[in-house]
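K.L.:
Supplied in C-alpha cells, the structure appears directly below.
The values are calculated or read from the model by the stated rules, or taken from the named source; none is laboratory data. Since the model is a prediction, treat every value here as computed from it, not as a measurement. Virtual Cβ from ideal backbone geometry, glycine too; neighbours counted across all protein chains shown. Heads up: the accessible areas ignore ligands, DNA and RNA and are worked out on the full protein's heavy atoms, side chains in. Shrake-Rupley method; radii C 1.70, N 1.55, O 1.52, S 1.80 Å.
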Amino acid sequence: MQLQQLAYFVAVADARHFTRAAESTHVSQPSLSQQIRSLERELGAELFHRSRSGTSLTDAGQALLPLARRILADAESARRAVAETVQLRRGRVRFGAPPSLCASLVPEVLRAYRALHPGVDLRLTEGGSRDLVRDLEAGELDLALIIAAPSAAPAGLSVTPLLHEDLVLVSAEPLPRRRARITDLRGQALVMFREGYDVRETTLAACRAAGFDPGYAVEGGEMDAVLAAVRAGLGPAVVPGMVAARSGLRSAPFAPPGLGRTIALAHGRDLPLTRAATAFRGVLLAYLLDADRAGSLPPGTRLLPPD
C-alpha cells in the first residue's frame, strides 16, 4: 500500500468520479484507475461501485476512507516536521557547561542562538567536566564546554580547545599584592569548591607542587556558595577569571607562570551533530571570535588559535 494510491483513492471518493479525480490530482485517468485496481488487489476487496452515472464507495471503501485520510494527514505532518527541522524552525540542542561558564559566557551564547533560531528547543545541563564528559559519551548531550585536561582527550570525544582562562584569587578584604603567589596561600584558610570541580584540583596541585597543603575555612560548595562565603569574609578563594570579573570581589591574578585552564568544546566522535547542534557550534565560535576582535573578553581570557 503506497501513499500515492491512498491519495488517489481519497480523490476519487471526494469527486465520485474517476475522470474528475484524475484531473484534480494531475494524472491521467488510466494511470489513476490502474493504481486504484492495484490497491484493491492488495486489500482483497473492491473499494468503489463503478457505473456510468458515477462512482460510490463500497462498504470496504467506506471503512478505508477515514483511515486513509488520517494516514495522509500524518504523512504530511511528518514531511512538514522534517522540513522545519532542516530549516531550523524546529529541533533540539542538548548543551552542557560547568557552573562557572553558565554564570558568565553561556547566557550570552544562548541569547545569540535563540535570536537566530527561536523555534529550537534549548536544553542546558550544568555540571562538572567529569559529569559532562560522561553525559557526552552516553549520548545524553549534543555538545558541552568542558575543561580540557593536560592529558589526551577522553576516548570517544572530539575536543576543540577554545579559550585559555586565568584562575585568580578573590577576597572580600584588600589583597596584599597586585599579583598573587601560590605561596601566599600557605597558612590561609581558603573557601574551597567541592570535589569534582577542576578549579579545586588545579589549586590543590599547585599548592602541593609548592610544598604545602592548603587549609580550609569551608569546603564543599558550588560556585554561588563559594562566592557568597568569600563575600561573607570567611576567606579567599581561587576562582575562574570570568567569574571573578562579575563577582564584585577584589581579585588578583597569579604571578607567572600563573594558574589557568583550557576551555574546550566537545561532542561525541561517532555521533554526527544535528543541524541544530551544528548551528549552535557556529554561533558559539562566532560569538567568541567577535568578542576577541572587540577586546571584550574578560582580562586573562584569550582565544586559542585553531589547530
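K.L.:
Can you list residue pairs whose Cβ atoms sit under 8 Å apart, with the first residue in the range 246-268 being touching a residue at least 40 places away in the same chain (Cβ under 8 Å) and on the phi > 0 side of the Ramachandran plot and the second being surrounded by 19 or more Cβ atoms within 10 Å (Cβ to Cβ) and charged (D, E, K, R)? Count only pairs 6 or more apart in sequence or on different chains.
P.N.:
Gly258/Asp166
K.L.:
What's the number of the only condition in (1) in a loop (DSSP other than H, G, I, E, B); (2) out of contact with any helix residue (DSSP H, G or I) (no Cβ under 7 Å at 6 or more places or on another chain); (3) open to solvent by less than 80 Å² (accessible area, probe 1.4 Å); (4) not hydroxyl-bearing (Ser, Thr, Tyr) that Arg178 fails to meet?
P.N.:
(3) is the only condition that Arg178 fails.
K.L.:
Ok, one more. Scan the range 82-103 and tell me whether some residue there is out of contact with any strand residue (DSSP E or B) (no Cβ under 8 Å at 6 or more places or on another chain) and over 30 Å from Asp290 (Cα atoms).
P.N.:
Yes: one or more hits.
K.L.:
Would it be correct to say that Gly139 is under 17 Å from Ala276 (Cα atoms), free of Cβ contacts under 8 Å to residues at least 40 places away in the same chain and outside the structural domain of Gly196 (by the TED database)?
P.N.:
Considered against the rule, which asks whether it is under 17 Å from Ala276 (Cα atoms), free of Cβ contacts under 8 Å to residues at least 40 places away in the same chain and outside the structural domain of Gly196 (by the TED database), Gly139 comes out as no.
K.L.:
Looking at the range 137-175, which of its residues are charged (D, E, K, R), surrounded by fewer than 19 Cβ atoms within 10 Å (Cβ to Cβ) and under 27 Å from Pro299 (Cα atoms)?
P.N.:
Listed by number, the list holds a single entry, Glu173.
K.L.:
Check every one of the strands (runs of 3 or more DSSP E) wholly within the range 188-307 and list those with 2 or more residues that are over 20 Å from Arg177 (Cβ atoms), open to solvent by 40 Å² or more (accessible area, probe 1.4 Å) and modelled with pLDDT under 90. Reasoning before the result, please.
P.N.:
Working: elements: 189-193, 215-221, 237-240, 250-253, 260-268, 301-303.
Per the criteria, no element qualifies.
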